[in-house]
Amino acid sequence: MKRCYSEGFSSLEVLLTLFFLSLVIVATSLILSTVKISVVKKNNELKDKRRIEKKLAEVIEEIKSDQTPEIDSRIDSVWRLDDIEQDECKIQLKALSGLLNVNTVSKQIMSLPEIRKLFSDVDAPSVIENYKSEGNLYSKYEQLNELIEEENYNKYFCIYGYANINVADDYGLRNLVNNITLSNSGEYLVQKRKTLLVNKQFIQTENNFKMFAGVDYDSFIPYVNIKPEMNIHFIEEDVLRALLSYPGFKITGINQKINNILSLRESSEISQNEICNILGISKSNELYYYLGCTTWMWQIKITGKKNKCTVILCRKPEEDEFSVKTPEYYVIEKKWYE
């Protein structure tokens, strides 16, 4: 009996050992399987990011290869890539220079009836102005979400752009220059500019701007310049109407001029000279410094299977106004999302 009991006990030990070994094997198998899944997932994400990076490079190269670099419009070849899926990536483009930059547009323009109705808060122009008066600049939509619905923000507004020395909002210009120079140069520049604007005088040439800015010119360029801020090919009709209706610009026959612009930009490119001819303006009219034909800021969104990347691409303004050179572009912001 003792021997049988001992054999039975040994058998139980063997069974228990085998049971625990099987648990270890199963656990190890599960760990290895999880590791394998994790590795596969990581590899898929890396492949996805590589596809997105490749597609970004292709889009930027297409922008750079524009055959009419002096004019950016919807008939440029890059726009055939907008809102399509290609190589497992969805591409979305936006010409930010067709939008109102809340950091630099003046309160007077934002307070126009056609612009004010785009805000969800009727006091938005004053709120934005007060925010900037405290030395701030907007850096993301979330700072504006109580003032502008997201749909309207995406359609009409942005936070990216250069500041035209002739028309930029006082506070926006001051804050931008202070941030660039890490000094109080912005306040000095704004006060100096007021002496010109009181008499409706504008800085019309690069040489005049160099003389006006003095030793700070190299610090301001390209962030502050004399180029028209908005591309007329991408401005929404209601914003264009608001700008042309501003009494200070003294534009007549507005409906006919708007229809002419909308019709032309559907099938052709409108040059700076044509803008002036259509609107009946020159460099002595403030509106000239709002409406141009160049896209200075682009937003490129590429959505892959696992990730999304948003890039802000900027074009450097040419300092030589008498010759067209190959434009220079720079990525100033790049964000990844899962």
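The values are calculated or read from the model by the stated rules, or taken from the named source; none is laboratory data. What you see is a predicted model, and the numbers here were worked out from it, not measured in a lab. Positions of Cβ are backbone-derived with ideal geometry, glycine not excepted, and every protein chain shown enters the neighbour counts. Just so you know, the surface numbers come from the protein's heavy atoms only, side chains and all, with ligands and any DNA or RNA stripped out. Shrake-Rupley method; radii C 1.70, N 1.55, O 1.52, S 1.80 Å.
Taking 1 over the mean of 1/r across every pair of different Cα atoms in segment 160-221, what Kirkwood radius in Å do you get?
Values: mean 1/r = 0.0849 Å⁻¹.
Hydrodynamic radius (Kirkwood, Cα only) of segment 160-221 equals 11.8 Å.
Let me check something: with ligands and nucleic acids excluded, how do Met211, Met110 order by accessible area (1.4 Å probe), largest to smallest? Let's see the in-between values first.
Details: Met211 150, Met110 0 Å².
From most accessible down to least: Met211, Met110.
Pop out the carbon and sulfur fraction of the accessible area of the chain as a percent, whole number, probe 1.4 Å. Provide the component values of the computation, followed by the final result.
On the way: 9580 of 18370 Å².
It is 52 percent, rounded to a whole number.
Defining a contact as two alpha carbons under 8 Å apart and six or more residues distant in sequence, what relative contact order in percent does segment 59-130 show? Don't skip to the answer; put the middle values down first.
Details: 34 pairs, mean separation 11.9, N = 72.
Computed value for segment 59-130: 17 percent relative contact order.
Could you compute how fast segment 63-171 diffuses translationally, taking Rh as the Kirkwood radius over C-alpha pairs and applying Stokes-Einstein at 10 °C with viscosity 1.306 mPa s? Give it in µm² per second. Working shown, then result.
Values: Rh = 15.8 Å.
It comes out at roughly 101 µm²/s.
What value, in deg cm²/dmol to 500, does the helix sum -39500 (n - 2.57) over DSSP H runs of n ≥ 4 give at 222 nm once divided by the residues of the chain?
Values: 12 runs with 156 residues, N = 338.
Mean residue ellipticity, 222 nm, calculated: -14500 deg cm²/dmol.
Just name one of Phe249, Tyr156, Ser139: the one whose Cα is farthest towards the positive end of the charge dipole of the chain (beta-carbon charges, Lys/Arg +1, Asp/Glu -1).
Toward the positive end, the furthest listed residue is Ser139.
So which of Lys210/Lys301; Lys155/Lys192; Lys54/Lys335 end up more than 25 Å apart by C-alpha?
Numbers: Lys210/Lys301 36 Å; Lys155/Lys192 35 Å; Lys54/Lys335 15 Å.
Result: Lys210/Lys301; Lys155/Lys192 exceed 25 Å.
In percent, what relative contact order does the chain have, based on Cα pairs under 8 Å that are 6 or more apart in sequence? Don't skip to the end; give the middle numbers.
Numbers: 452 pairs, mean separation 78.0, N = 338.
Rounded, it is 23 percent for the chain.
May I ask for the Rg/Rh ratio of segment 284-338, computed from Cα atoms with Rh as the Kirkwood radius, given to two decimals?
On the way: Rg = 15.8 Å, Rh = 13.8 Å.
With Rh from the inverse mean 1/r over Cα pairs, Rg/Rh is 1.15.
How are the C-alpha pair distances of segment 201-256 spread across 10 Å bins, as whole percents from the shortest bin up?
19, 35, 27, 17, 1
Across the Cα atoms of segment 176-314, what radius of gyration and what greatest pairwise Cα-Cα distance (Dmax) are found, in Å?
18.1, 57
With all distinct Cα pairs included, what does the Kirkwood hydrodynamic radius of the chain come out to in Å, to one decimal, could you say? Mind dumping the intermediate values first?
Working: mean 1/r = 0.0430 Å⁻¹.
Roughly 23.3 Å, rounded to one decimal.
If each of Glu237 and Glu266 carries a label point 7 Å out from its Cα toward its Cβ, how far apart are those two points in nm?
The answer from the label model is 1.0 nm.
Under a 1.4 Å probe, what is the accessible area of the chain per residue, stated in Å²? Mind dumping the intermediate values first?
Details: 18370 Å² over 338 residues.
Ligands and nucleic acids excluded, the result is 54 Å² per residue.
Of all DSSP beta bridges in the chain, what percent run antiparallel (nearest 5)?
On the way: 24 of 30 bridges.
In the chain, DSSP labels about 80 percent of beta bridges as antiparallel.
Please compute the Cα-Cα pair-distance distribution of segment 105-169 with 5 Å bins starting at 0, giving whole percents from short to long.
4, 16, 28, 31, 16, 4, 0
Hey, how much of the P(r) for segment 236-326 falls beyond 23 Å, as a percent of Cα pairs?
Working: 1654 of 4095 pairs.
Tail of P(r) above 23 Å: 40 percent of Cα pairs.
Note down the accessible area of Asp121, probe 1.4 Å, to the nearest 10 Å².
Looks like 50 Å² after rounding.
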